[in-house]
1. To test your reading of the geometry: what angle, between 0 and 90 degrees and rounded to tens, separates the Cα axis of helix 157-168 from the longest principal axis of the chain?
2. Could you state the number of Å between the C-alpha centres of region 71-90 and region 244-293?
3. Could you compute the FRET efficiency for ASP15 and ARG54, with r as their C-beta to C-beta distance and R0 at 22 Å, rounded to 0.05?
4. Gain in length, ARG283 to ASP271, computed as 0.36 nm per residue apart minus the alpha-carbon separation, to one decimal in nm?
5. Provide the FRET efficiency to the nearest 0.05 for the ARG326-ASP45 pair, computing r from the beta carbons and using R0 = 22 Å.
6. Listed here are the pairs LYS167/LYS311; LYS67/LYS88; LYS135/LYS167; which of them are more than 23 Å apart at the Cα?
7. In region 196-251, what GluC sites (Glu not before Pro) fall in a loop by DSSP, with at most 11 other Cβ atoms inside 10 Å?
8. Could you put VAL71, VAL293 in order, starting from the residue whose Cβ has the fewest other Cβ atoms within 10 Å?
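Taken together, the values in this text are just the output of simple stated rules run on the coordinates, not laboratory data. Quick caveat, the model's predicted, so the values are computed rather than measured. Every residue, glycine among them, receives a Cβ derived from its backbone with ideal geometry; neighbour counts consider all protein chains shown.
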Amino acid sequence: MLIVMPDARFDGAADFEQAEVGDRAEVRVYQAAALDDIPNDVWSDVDGLMVWGRVRGNAAMFDRVPKCRIVVRMGVGFDALDIAEAGKRGIVACNVPDYGTTDVADHAIGLMLSLTRGIVRHHTNLVDAPVAKWKGIDTPIVRRARGATFGLVGRGRIGTAAGLRAKALGMNVLFYDPYIPDGGDQAVGFERRESLEELLREADVISCHTPLTDETRGMINGQALSCMKPDAILINTSRGEVVDVDAVTEALRANRIGAAGLDVLPVEPPDPDHPLFQALKNREPWTDGRVVVTPHAAWYSPDGARDCREKAARTVINYLTGGPLRNCVNEQYLEMRR
C-alpha cells in the first residue's frame, strides 16, 4: 500500500510516519505546491493521503487518486478538505483534533500577555533606546489579568484549554458556543452567554477558537468589533477568515478596540502592502504596543509537530488495515452514498 503526503511542511523523510506504519505500507513525502508537481503514476497508486492544506483536498485531487480510501487533514481544522466530495467518492475524511491543543491554548494566552504586560513594546523600546526608555509603560493596554474577563468564541478542546489557563490567571471566563450542550460550563467554571454580542460587550479579552464554516466566516466583522469595549483585546488563533482584518485595522486606528494579537490571517502569507502591515513597518503610533502578529505558528512545537504526524499516520494505516476508524469528519456524506 502507498500513503502519500503531497504538501509536507517539513524537510526530510517521513521518519515518524514510516515508523508508525511499519512494513504495512510505504509513506512518500513531497513538498508540492500544485498537483502537477507529483507524477501521475504516483497519484494513481495512492491508497491513503495526509494533507496539510497547501494542496487542497478537492475534486481535482480526488480525480487523480482512484484507489484512495482515506484522506487525513494534518491539523484540527478541515476546511482545506472538500469533505462532501470525498464522501461522494467513498473516501473517508479525517482530521487530527488533539495534537495541538496545548500549544494553541498556550499561544493564545501568550499573545494576550504580550499585550497586557507590554512585553513587545518594552522590547522594541529598549532596542531603540536602552537607557532613555528604561521605564514601565503606562497605557490602557497594560493591565492586571486577575479580575478581568476572558471571553471565548468557541468552547471546544482548544477554547476550553485556553479558558482554563485564563482562569488560572484569576480571570473570569465567559463563552459563546451554541453547539456546546448545557452543563459542561459548570464542570470547568465558565459562564455561558447566549449571543455573540452579549459576550463581546462584556469581555475584556476576546479569544477566537472556532472552526471556519459558512457560519463563522467573517464573524468578527465591523459590526462585531463595534460591540467590544474600546480597550478590549482581540486574539485569534483559530482561522484567519473568521476575523475581518480590514475591519480590525480600522477599529485599531480609530481606537474603537484596544489591541489585537493575530496568529492567523485571511491571506497567508499576508500582502505586505496591506494597511496593517504597512502601518507596522512604518511603526505608526496607533500600532505601538497594540498589535502582535505571528505566522500561523500557534500549532507548532517539536512535540506538537511529531504528534500530528504520528497521529495522522496511525489514523490512515489503522483504517487501511481494517482497524478502528477515528476522527472521521464526513460520516454524513458517506452515509448518503450508501
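1. Its long axis makes an angle of about 30 degrees.
2. The two parts, judged by their Cα centres, are 32 Å apart.
3. 0.60
4. Working it through step by step, the gained length comes to 2.6 nm.
5. 0.35
6. LYS167/LYS311; LYS135/LYS167
7. GLU215
8. By the 10 Å Cβ count, ascending, the order reads VAL293, VAL71.
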